[in-house]
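The values are calculated or read from the model by the stated rules, or taken from the named source; none is laboratory data. None of the values given here were measured: they were computed from a predicted structure. As a convention, Cβ positions derive from the backbone with ideal geometry for all residues, glycine included, and neighbour counts pool all protein chains shown.
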Amino acid sequence: MSRNLFRAYCRKNGDATPPVVSSQTLLLAFEESGILHDDKRLSKFFAALKKAPPELTESQFESLLEISPTLVEQVLTKQLAIPQFQDFCGHISDIFAEVEENRGGKLANYIPQLEKVDPEKFAVSVCTVDGQRFNLGDAEDYFCVQSCSKPIT
């Protein structure tokens, strides 16, 4: 399988040189799939990729794959929960933009943590069962989810 993956991602530098895979191409494949560089499951993989040369030979590519073969293969073959993750993120972004300016409603005053929330804060975060992640808005802020977690749970 690693040979097929290498061929799928490789480019030739000319007839006299062996085929290589760009490290940047691999990073882009992960980013586009929603598997982010801070994913703990791939910390060793991303550390090795960061230290790798800009262009990987087939043996270097295979060595990288050996670090986390199943997940890396799933990413590179688009076999994650949402194969077209960028399209999915585009739809989420459209919905976010559509509802972002909605100022209807009021803060819940029956739960002290909810009453203290800045009503201007708004975020959406998605994480699939495979760990594909996407965040918009104030996603780095902490939110008390109390009652709004009911649809999730």
**Item:** Close pairs from segment 96-110: first at negative phi, partner part of a helix (DSSP H, G or I) and surrounded by 10 or more Cβ atoms within 10 Å (Cβ to Cβ), Cβ under 9 Å, at least 6 apart
**Value:** Leu107/Leu114; Leu107/Glu115; Ala108/Leu114; Ala108/Glu115; Ala108/Gln146; Ala108/Ser147; Asn109/Glu115
**Asked** Of everything in segment 89-141 that's hydroxyl-bearing (Ser, Thr, Tyr) and part of a loop (DSSP other than H, G, I, E, B), which residue is nearest to the chain's Cα centre (by Cα)?
**Response** Thr128
**Prompt:** Can you tell me which residue in segment 12-41 is surrounded by the fewest Cβ atoms within 10 Å (Cβ to Cβ), limited to those that are charged (D, E, K, R) and either in contact with a Pro (Cβ under 9 Å, 6 or more places away or on another chain) or not in a helix (DSSP H, G or I) (or both)?
**Reply:** Asp15
**Complete:** Pairing a residue in segment 74-86 that is under 16 Å from Leu42 (Cβ atoms) and in a helix (DSSP H, G or I) with any residue that is of a type in the set (Phe, Trp, Tyr) and at pLDDT 95 or above, where Cβ atoms lie under 6 Å and the two sit 6 or more apart in sequence or on different chains, gives Val75/Phe30
**Message:** One residue is enough: does segment 58-68 have a residue meeting the conditions touching a His at 6+ places or on another chain (Cβ under 7 Å) and modelled with pLDDT of 95 or more?
**Reply:** no
**Request:** Name every residue in segment 42-92 that is surrounded by fewer than 18 Cβ atoms within 10 Å (Cβ to Cβ), of a type in the set (Gly, Ala, Ser) and over 15 Å from Val21 (Cα atoms), in order of residue number.
**Result:** Ser43, Ala47, Ala81, Gly90
**Request:** Among the numbered conditions (1) outside the structural domain of Arg133 (by TED's automatic domain parsing); (2) closer than 27 Å to Asn135 by Cα; (3) modelled with pLDDT under 95, tell me where Leu27 comes up short.
**Result:** (3)
**Request:** Only residues that are of a type outside the set (A, V, I, L, M, F, W, C) and at pLDDT 95 or above: list them for segment 125-139, please.
**Result:** Thr128, Asp130, Gly131, Gln132, Arg133, Asn135, Gly137, Asp138
